[in-house]
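What follows is a set of notes on a single structure, which appears directly below.
The values are calculated or read from the model by the stated rules, or taken from the named source; none is laboratory data. Remember, predicted model here, so these are calculated numbers, not experimental data. Using ideal geometry, Cβ is built from the backbone for each residue, glycine included, and neighbour counts are taken over all protein chains shown. The accessibility values were calculated without ligands, DNA or RNA, using every heavy atom of the protein model including side chains. Shrake-Rupley method; radii C 1.70, N 1.55, O 1.52, S 1.80 Å.
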Amino acid sequence: MPPGTIISSTSSPHMLSAFAGFVLPPGSTSIFNPAGTPAHSIFSLSMLVLSITGGVFVVVGGLLLYALLRYRHRAKDPDSNEEPQQIYGSTQIELSWTVIPILIVVLLFLATARIIFATQDAPKPQNALDVTVVGHQFWWEFRYPKFGVVTANELHIPASDPQARTPVYLSMISADTDHSFWVPRLAGKTDVIPNRVNTMWIDADAPGLYLGQCAQYCGLEHAKMLLRVYAQTPTDFAAWVAHQQQPALEDPSVADGRAVFEHTACISCHTVRGTVATGTFGPDLTHFASRDTFASGSVPLTRQSLHEFIADPGSVKPGVLMPPMHLNDHDLDLVTDYLMTLK
Amino acid sequence: MATQTAPLPLTEPSRRHATAVLHDWITTVDHKKIGLMYIGYALLFLVIGGVEALLMRIQLIRPENHFLSPLVFNQLFTMHGTTMVFFVAMPVLFGFGNYLIPLMIGARDMAFPRLNAFSFWISAFAGFLLYFSYIGGSGLYGGGGAPDVGWWAYAPLTSKVFSPGHSSDYWTLSVLLSGIGSIGTALNIVATALSMRCRGMTLYRMPLLVWLYTVMSGMVFVTISPLTAAQIMLLLDRYLGSHFFDTQAGGSAVLWMHYFWIFGHPEVYVLILPVFAFMNEIIPVFSRKAIFGYPAMVAASVGIGFISLSVWAHHMFTIGMTSAGNTFFVLATMAVGVPTGIKIFNWLATIWGGKVHFAPPMLFAVGFLFQFLAAGLTGIMLSVAPFDWQLNNSYFVVAHFHYVIVGGILFSLFAAFYYWYPKMSGRMLNTKLAHWHFWLFLVGFHVTFDPMHFVGLDGMVRRTFTYPVDRGWGPLNVIISIGALIQAIATLVFVYNLVHSYFKGALAGPDPWDAWTLEWSVPSPPPTYNFAAAPTVESRRPLWDLKHPEDPDTLYE
């Protein structure tokens with residue numbers, strides 16, 4: 001399955017969404033549609049919790065409703081003007097409705113503790129892939145130390161083999177404020193906090209695209225700090241890595257655009273490997289055009305959308321830290337064409 | 001029984017010159033006037049906070065909407081949260097406490113009347129200071145700007161780098177000042193409850209409302225202090241070059257989270273305990289039965305007070321705590337469910353065997369019971385740390401705490417308004433309007449907050465000014481926004497009723513609900529001196545004893 005294909009939403013249970021009467025949309029991020037080991041174990045735990053709390057609601061709510069209806073004041077009763085019998089309490093009854101909640105709490109606590117330890121303290125397998133996640137205002141940087149690959153916003157991982165899981169371990173740091181990495185179908189979220197390294201692991205059941213977004217308010221454009229995780233077959237993933245390891249493609253037809261790029265401030269923030277552009281403040285653009293989206297997953301990559309973005313980034317993504325470069329129309333066209341060749 | 005028993009005349013309040021009235025209110029140290037000012041002030045901010053919510057709901061009614069800019073939206077959710085917690089919920093609860101506690105314990109006033117006035121005015125000033133940020137927020141940099149850091153103001157978003165100008169200083173200072181007011185009033189409540197009770201009123205006979213307010217006030221001491229400390233540290237960071245929360249210089253963002261939530265979570269119980277207190281008065285009166293299990297209710301309240309001080313990090317399950325740390329806070333959080341459960345069961349047992357009158361206060365109380373039950377159960381879901389890894393910061397959390405705050409606290413407050421308005425104003429609220437208010441608000445509440453759970457389960461993140469089209473969150477958001485509008489209309493009906501009934505309502509008389517606590521033994525509204533003669537009580541329900549000399553509570557307690 002090529003990257004970009006959305007996994008069929010019928011592959012997993014999604015009872016509550018179905019219950020609510022809504023068909024899952026193509027970009028579903030429902031937590032009841034799990035597609036990774038941590039998401040599956042949370043899903044099973046949540047079903048236990050939902051059935052217990054649901055049961056409590058039905059029983060207690062039912063008793064309340066019964067009491068309110070059964071003991072309502074009826075004006076036509078002969079004794080309607082008399083006060084009912086006054087009851088001040090009962091130690092036995094009160095003791096029993098203290099013990100029952102305690103038992104329920106113990107049950108829920110043990111089930112919860114089991115999943116906490118199983119997820120957080122899972123031993124890291126030898127074959128696990130390490131990725132460093134850096135949260136920025138307002139985009140994601142992904143580094144693959146083993147491969148020497150750096151990319152942005154679109155995380156590529158090998159899909160896990162059900163027989164031999166190949167989890168991806170994420171080491172998470174922040175370049176500025178708090179962020180949170182959340183791809184609901186793969187795992188719960190983990191905050192990305194400055195001056196602190198957090199870790200989490202994910203694995204995907206099947207190749208496909210899994211969507212998510214920053215889940216901790218991080219400033220002006222928090223809403224558009226989206227996330228895309230592409231799970232690929234091991235072969236496709238190896239091919240992707242091999243391609244990303246190459247320096248930027250050189251296309252003589254866009255040499256003029258490259259010259260404009262390299263002679264403006266673009267290079268102080270962006271890297272294009274194999275050229276003089278070595279900035280690290282913004283996303284690595286070496287294989288920029290191999291991505292489906294830009295502006296942290298919020299804009300599909302087309303020549304038109306890129307052209308608009310370079311002309312005035314803030315109009316496409318308010319709050320973006322990239323300033324308008326004030327290129328003339330001619331240079332703008334050239335730079336856009338150049339970037340579109342960085343496959 | 002020495003409570004006042006002479007027939008009480010139904011009098012029209014006399015009208016005086018406006019400036020004299022104004023002078024009277026500004027300089028008053030009377031607990032009843034201060035209580036009413038707290039309540040009026042909170043209602044003003046309730047409307048402001050509500051308008052902010054409506055604006056946000058218009059923005060979110062469809063994906064990629066351009067009704068509000070991201071900056072304005074971020075300011076609105078910051079102001080909405082700060083306003084509703086610090087300038088609506090706290091003052092309105094303190095207002096009812098101020099008004100009712102001396103009357104319920106047979107006292108002339110609060111223990112420290114001047115401190116009372118000071119606390120109110122400093123809290124009131126804090127609210128206006130927060131809103132002054134719209135004019136002065138950016139200082140000399142240009143136009144104004146409200147804070148846009150969220151109501152938890154997580155570090156390092158509040159550092160000078162990410163929050164230039166003065167907008168977050170307005171937030172810091174107003175929260176700090178309102179905290180000083182809260183501590184003053186809490187101190188007053190504890191002192192009043194402990195030392196101003198009338199003859200015969202032992203702690204064991206003190207009305208549950210007063211008990212719960214006392215526990216709540218004790219919690220205020222413990223929780224506001226770290227918040228105040230954190231605000232001072234933040235000011236030091238911003239102006240004197242310290243680095244408590246400045247991550248770029250080795251400070252800790254997590255430290256702020258701990259400081260904030262060790263205030264923030266007990267704060268929820270600070271708000272909910274007075275609301276339980278209202279229920280403890282209203283449910284028995286409209287079920288015509290004594291509260292079931294008074295000692296257990298007191299014990300459960302004190303238990304909630306203590307346990308809730310050790311649950312704060314359940315707001316931080318996603319920050320990368322160790323598995324052992326997470327497990328501890330799961331257990332502590334779930335444990336709060338036990339005393340809370342006891343309360344619900346005791347209310348159920350109070351209703352059981354009674355004769356339930358569905359007058360407006362009881363209607364809202366019934367709404368409270370079901371909605372608070374649901375809110376408690378979604379709280380249990382959120383206490384399950386792995387489940388919280390998914391739900392944290394999603395709309396499910398927004399739905400959960402609005403179920404607590406609107407479905408629980410606000411419904412209970414409406415019940416309190418319908419119940420004590422006759423005492424405060426001397427006139428009944430209109431019942432027909434009350435029914436309109438109740439049913440509209442009930443529908444609006446559920447249309448708004450029920451779908452919010454589902455959109456959260458579908459992965460929608462809170463504090464986002466917009467959302468992508470392909471996620472499929474559009475239809476639910478339309479429903480949610482419509483619900484918000486219905487709630488707004490219902491609130492207008494309520495406000496109209498408050499104003500209309502003040503002039504046109506039926507005269508209430510001292511005891512319109514045939515109730516049992518001391519505040520119903522004095523005229524409505526009560527005279528400045530409260531009690532013509534200091535009352536003496538012999539049980540928890542002095543007016544029951546008076547009305548049923550053949551079967552007084554004193555025989556059973």
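In chain B, the sites counted are trypsin sites (Lys or Arg not before Pro) in DSSP loop states with at most 11 other Cβ atoms within 10 Å, and the longest stretch holding none of them, exclusive of the sites, is B:17-557.
With a simple spin-label model that places each label point 7 Å from the Cα along the Cα-to-Cβ direction, the separation between residue A:147 and residue A:308 comes to 3.1 nm. For residue B:115 and residue A:171, the FRET efficiency from 1/(1 + (r/R0)^6), where r spans their Cβ atoms and R0 equals 56 Å, is about 0.60. Could you work out [θ]222 nm for chain B from helices alone, using -39500 (n - 2.57) per DSSP H run of at least four and dividing by all its residues? Round to the nearest 500 deg cm²/dmol. Result for chain B: -21500 deg cm²/dmol, rounded to the nearest 500.
Taking every alpha-carbon pair under 8 Å whose residues sit at least 6 apart, the stretch A:252-340 reaches a relative contact order of 30 percent. Sorting the segments A:175-181, B:309-315 by their mean number of nearby beta carbons within 10 angstrom, highest to lowest, gives A:175-181, B:309-315. Looking at the square roots a ≥ b ≥ c of the eigenvalues of the Cα gyration tensor of the stretch B:17-171, which shape do they give, rounded for a/c under 1.5, prolate if a/b is larger than b/c, or oblate? Prolate shape, in that a/c is at least 1.5 and a/b is the bigger ratio.
Taking every protein chain into account, the accessible area of the stretch A:252-340 amounts to 45 square angstrom per residue (probe 1.4 Å). Derived from the Cα gyration tensor, the three semi-axes of the equivalent ellipsoid of chain B are 39, 26, 24 Å, largest first. The label-point distance for residue B:16 and residue B:323, in a model that sets each label 7 Å from Cα toward Cβ, rounds to 7.0 nm. Within 10 Å of the Cβ of each residue in B:465-472, the mean number of Cβ atoms contributed by other protein chains is 6. Of the complete DSSP H runs in chain B, those spanning 30 angstrom or more by Cα along the long axis with a mean Kyte-Doolittle score not below 0.0 are B:31-59, B:113-136, B:167-195, B:208-240, B:253-287, B:323-351, B:360-383, B:431-457, B:474-504. Here is the size of the protein assembly as shown from its Cα atoms: Rg then Dmax, 30.0, 106 Å.
For residue A:63 and residue B:306, a Förster radius of 22 Å and the Cβ-Cβ distance give a FRET efficiency of 0.20, rounded to the nearest 0.05.
In this calculation the C-beta distance from residue A:281 to residue B:51 is compared with R0 = 35 Å, giving a FRET efficiency of 0.30. Since only A:244, A:225, A:315 are under comparison, the one whose Cα sits farthest along the positive direction of the charge dipole of the stretch A:216-343, derived from C-beta charges on Lys, Arg, Asp and Glu, is A:225.
Taken along the Cα-to-beta-carbon direction at a fixed 7 Å, the label points for residue A:163 and residue B:225 span 6.3 nm. Take the Cα of residue B:243, go 7 Å toward its beta carbon, and the backbone nitrogen atoms of the stretch A:163-179 under 19 Å from that spot belong to A:174-178.
If the segment from residue B:502 to residue B:255 were pulled out straight at 0.36 nm per residue, it would be longer than the present Cα-Cα gap by 84.0 nm. Sorted from longest to shortest, the spans of the Cα atoms of the stretch A:252-340 along the three principal axes equal 31, 26, 22 Å. Rounded to the nearest 20 debye, the dipole size of the protein assembly as shown about its Cα centre is 2000 debye, using +1 on the Cβ of Lys and Arg and -1 on the Cβ of Asp and Glu. Per residue of peptide B:364-373, the mean number of Cβ atoms on other chains within 10 Å of the residue Cβ is 2. Remark: relative contact order (chain B) = 18 percent; criterion is Cα-Cα distance under 8 angstrom and separation of 6 or more residues. Place a point 7 Å from the Cα of residue A:250 along the Cα-to-Cβ direction; which residues of the stretch A:283-306 have their backbone N under 16 Å from it? Under cut-off, by backbone N: nothing. Applying the criteria of a DSSP loop state and at most 15 other Cβ atoms within 10 Å to the GluC sites (Glu not before Pro) of the stretch A:247-343 yields A:250.
When the accessible areas of A alone and B alone are added and the area of the pair subtracted, with a 1.4 Å probe, the result is around 8200 Å², both sides summed. Of the residues B:225, B:134, B:507, the one whose Cα sits farthest toward the positive end of the charge dipole of chain B, with +1 on the Cβ of Lys and Arg and -1 on the Cβ of Asp and Glu, is B:507. Per residue of peptide A:60-73, the mean number of Cβ atoms on other chains within 10 Å of the residue Cβ is 6.
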